[in-house]
């Protein structure tokens, strides 16, 4: 039987999603917990690997099991064996040809910026702190140059292993809510560090160090060295994975309300 699961996590303590030698990872913890429930080894495949320090409101993964457990049994059993900073949200049987990565039609990320003069004891590992006031309308205007199908060479890391830098960005929004500035990005797929590089470039615009149409110039240059810094990981959240409605998977923003309320108490998204 193939099972899809939704996973929420705080990535602060981990070297990212992917299992690696000599370091702890989200994948290793999830596989260990599910193996305990199944009574046999479990290997999981995720929709999109996240880097060290990056969080997820709902990562989606799949695994195959010979053990028969109810959806409730998978969730409650796994959560018993998972550390407090990782939680299964749901578990649903899916067709044998379902693939968490290749069956997905879109992915959405959120980048959270705390824009105030003083640091935060509560949001220090959940948001990127920027002391100077950001021009959010300019950031949003600049972000619209990223929408569409483009060669995103200027926004991929030097370690990116993708065979092509071309991606289709469906939407980018930048909004202010009190002391927080929120960047939401949805695309068919992402390159390594793509959203953090978007955020870094948009922060340059927000700080009035570049005009909004600088983003268009960066796309045309296709040169990562011209696009500025990579924003830090703690502000980044894998927000949603979109699948065909026929699969009947839960909306991939389960858990967002609770997590957002810790960072933005008066906002419901």
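Taken together, the values in this text are just the output of simple stated rules run on the coordinates, not laboratory data. Since the model is a prediction, treat every value here as computed from it, not as a measurement. Backbone-built Cβ (ideal geometry, glycine too); neighbour counts: all protein chains shown.
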Pairwise FRET efficiency - residue 211 versus residue 147, Cβ, R0 = 25 Å, nearest 0.05: 0.90
From DSSP H assignment alone, runs of 4+ in the chain each adding -39500 (n - 2.57), the sum over residues rounded to the nearest 500 puts [θ] at 222 nm at -6500 deg cm²/dmol
For the chain, what's the relative contact order in percent, using C-alpha pairs closer than 8 Å and at least 6 residues apart? 23 percent
Potential lengthening between residue 220 and residue 81 on full extension [0.36 nm per residue; Cα-Cα distance subtracted]: 45.2 nm
Cα long-axis angle, helix 26-38 against the chain (0 to 90 degrees, to the nearest 10): 20 degrees
Virtual spin-label span in nm between residue 36 and residue 164, 7 Å along Cα→Cβ: 4.3 nm
Please say if segment 106-237 is rounded, prolate or oblate, where rounded means a/c under 1.5 for a ≥ b ≥ c the square roots of the C-alpha gyration tensor eigenvalues, and otherwise the choice is prolate for a/b larger than b/c and oblate otherwise? prolate
Could you tell me the relative contact order of segment 106-237? Use alpha-carbon pairs under 8 Å, at least six residues apart, and round to a whole percent. 36 percent
Would you mind checking the tilt of helix 71-81 against the longest principal axis of the Cα atoms of the chain, expressed as 0 to 90 degrees and rounded to 10? 80 degrees
First check a/c for segment 57-165, with a ≥ b ≥ c the square roots of the eigenvalues of its C-alpha gyration tensor; if it is under 1.5, answer rounded, and if not, answer prolate when a/b is larger than b/c or oblate otherwise. oblate
Roughly how many whole Å is it from the C-alpha centroid of segment 7-32 to that of segment 47-111? 13 Å
First check a/c for the chain, with a ≥ b ≥ c the square roots of the eigenvalues of its C-alpha gyration tensor; if it is under 1.5, answer rounded, and if not, answer prolate when a/b is larger than b/c or oblate otherwise. prolate
Label points 7 Å out from Cα along the Cβ direction at residue 133 and residue 22: separation in nm? 4.9 nm
Can you say what percent of the DSSP beta bridges in the chain, counting only those with both residues inside, are antiparallel? Round to 5. 90 percent
If I stretch the segment between residue 177 and residue 70 completely, what's the gain in nm (0.36 nm per residue apart, minus their alpha carbon distance), one decimal? 34.4 nm
Roughly how many nanometres apart are two label points built 7 Å out from the Cα toward the Cβ at residue 229 and residue 99? 3.8 nm
Have a look at the DSSP beta bridges in segment 106-237 and tell me what percent are antiparallel, nearest 5. 90 percent
